[in-house]
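The values are calculated or read from the model by the stated rules, or taken from the named source; none is laboratory data. Here the structure is a predicted model, which means the values were calculated and not measured. We place every Cβ from the backbone using ideal geometry, glycine too, and count neighbours over all the protein chains shown. All accessible areas refer to the heavy atoms of the entire protein, side chains included, with ligands and DNA or RNA removed. Shrake-Rupley method; radii C 1.70, N 1.55, O 1.52, S 1.80 Å.
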Amino acid sequence: MREIREYNMNGTIILGVDNGYGNVKTAHRVFPTGIIKCDSEPVLSKEYIEYDGAYYIIGEGHKGFVADKQEDDDTYILTLAAIAKELEARGFTEARIHLAVGLPLKWVQAQRNSFKQYLTRERYVSLKYRKVNYLIEIVDCTVMP
């Protein structure tokens, strides 16, 4: 297995997440932009996160195009899944994260501040991915075109 290069600043991991319309992409993971919320633990899927009392199957179905990614919680949940997948790749279960995300050039000016607030709405996030507990501190977010 190749070594994962860490980009960090004073102990905070700088983590890029591209919330695309077809796939969510990070440095080491790519998965379909699909999400299904369940009230109970999924039996047939390992690709889910448990967050805030609900289960979210990741990569199932397909999210349709929306001009404002903040109109529901899907992009937020998919971003948390991307963070958990990246931490899993690094062998971490706890981390301080500075998100680096993008928006299409057409919308970045109008949505930059609100998208940052949307993704940093919780400083401390606790979730389970693949039955492993993760504690994430989202310290900041940079939104780029």
Solvent-accessible area per residue, Å², over the chain with all protein chains present [probe radius 1.4 Å]: 55 Å²
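Quick check on the chain: of the DSSP beta bridges with both residues there, what percent are antiparallel, nearest 5%?
Details: 23 of 38 bridges.
Restricted to the chain, the bridges split so that about 60 percent are antiparallel.
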Could you give me the ³J(HN,Hα) list for segment 108-122, computed from phi with Karplus coefficients 6.51, -1.76, 1.60 and θ = phi - 60°, whole Hz, x at Gly and Pro? 4, 5, 6, 10, 3, 5, 5, 5, 4, 4, 4, 7, 10, 5, 10
Where the only charges are on Cβ atoms (+1 Lys, Arg; -1 Asp, Glu), what is the dipole of the chain about its Cα centre, to the nearest 20 debye? 420 debye
What is the Cα convex hull volume of the chain when expressed per residue in Å³? 114 Å³
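What ranking of 98, 28 comes out by heavy-atom accessible area, probe 1.4 Å, highest first?
28, 98
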For a quick check of your reading of the filter: which chymotrypsin sites (Phe, Trp or Tyr not before Pro) in segment 56-140 sit in a DSSP loop and have no more than 16 other Cβ atoms within 10 Å? 65, 92
Checking the table 37/116; 25/116; 85/106; 46/116 against a 21 Å threshold on Cα-Cα, which pairs fail? 37/116; 85/106; 46/116
Stretchable slack from residue 12 to residue 52, in nm (0.36 nm times residue separation minus alpha-carbon distance): 12.0 nm
When all protein chains stay in place, what accessible area (Å², nearest 10, 1.4 Å probe) is found for residue 83? 0 Å²
So, R0 is 30 Å and r is the distance between the beta-carbons of residue 105 and residue 37; what FRET efficiency does that work out to, to 0.05? 0.45
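Between residue 28 and residue 132, what's the calculated FRET efficiency when r is the beta-carbon distance and R0 is 22 Å? Round to 0.05. Please list the in-between numbers first.
Details: r = 17 Å, r/R0 = 0.75.
In this case the efficiency is close to 0.85.
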Put +1 on the Cβ of each Lys and Arg and -1 on the Cβ of each Asp and Glu in segment 8-145; which of 45, 26, 115 then has its Cα farthest toward the positive end of the dipole? 26
Taking protein heavy atoms only, a 1.4 Å probe, and rounding to whole percent, the accessible area of the chain owed to carbon and sulfur comes out at 50 percent
Show which aspartates and glutamates lie in cross-link reach of residue 128 when reach means a straight Cα distance below 14 angstrom and same-chain residues fewer than eight apart are skipped. 41, 47, 50, 52, 86, 88, 94
One finds, for residue 60 and residue 90 with R0 = 30 angstrom and r their Cβ-Cβ distance, a FRET efficiency to the nearest 0.05 of 0.75
